[in-house]
């Protein structure tokens, strides 16, 4: 569960100063659309939904199966923004001052 603080009573997660989005009367999503684009935040790495052809190429290049990839739930905000469906693969590109960039792949799964 995502928790956020209340300005009038800051505290630790799970404490009195924190309420769930449902308890505050908001959910953060409006239907299938998010109210804000989380992919634009500077701390969120770039997420790219691969086509079937690109997915097959990645699996062949690294000699792995879909089941051996790390997973990302279909309910993840970035997966939702991309419209990802279970079984698809998301490419995540993280920028780093020391490494330049690091690419990871995640298989979308049911939550």
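The values are calculated or read from the model by the stated rules, or taken from the named source; none is laboratory data. These figures come from a predicted structure and were not determined experimentally. Glycine also receives a Cβ, built like all others from the backbone with ideal geometry; neighbour counts cover every protein chain displayed.
Conditions (1) at pLDDT 95 or above; (2) surrounded by 17 or more Cβ atoms within 10 Å (Cβ to Cβ), marked per residue:
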site	(1), (2)
61	yes, no
70	yes, no
77	no, yes
80	no, no
83	no, no
86	yes, no
93	yes, no
96	no, no
99	no, no
Result of the Cβ filter at 9 Å on segment 88-99, keeping first residues that are more than 16 Å from residue 70 (Cα to Cα) and partners that are surrounded by 10 or more Cβ atoms within 10 Å (Cβ to Cβ), at least 6 apart or interchain, is 95/45; 95/46; 95/101; 95/102; 96/102
The lone condition residue 75 fails out of (1) in contact (Cβ under 8 Å) with a residue 24 or more places away in the chain; (2) touching a strand residue (DSSP E or B) at 6+ places or on another chain (Cβ under 8 Å) is (2)
Handout entry: residue 103 being surrounded by fewer than 13 Cβ atoms within 10 Å (Cβ to Cβ) and either modelled with pLDDT of 95 or more or part of a strand (DSSP E or B) (or both)
Key = yes
Practice problem: Taking residue 44 as the residue in question, decide whether it is part of a loop (DSSP other than H, G, I, E, B), farther than 17 Å from residue 111 by Cα and modelled with pLDDT of 95 or more. | Solution: no
Among the residues of segment 60-69, is there at least one that is touching a residue at least 12 places away in the same chain (Cβ under 8 Å), within 27 Å of residue 36 (Cβ to Cβ) and outside any helix (DSSP H, G or I)?
no
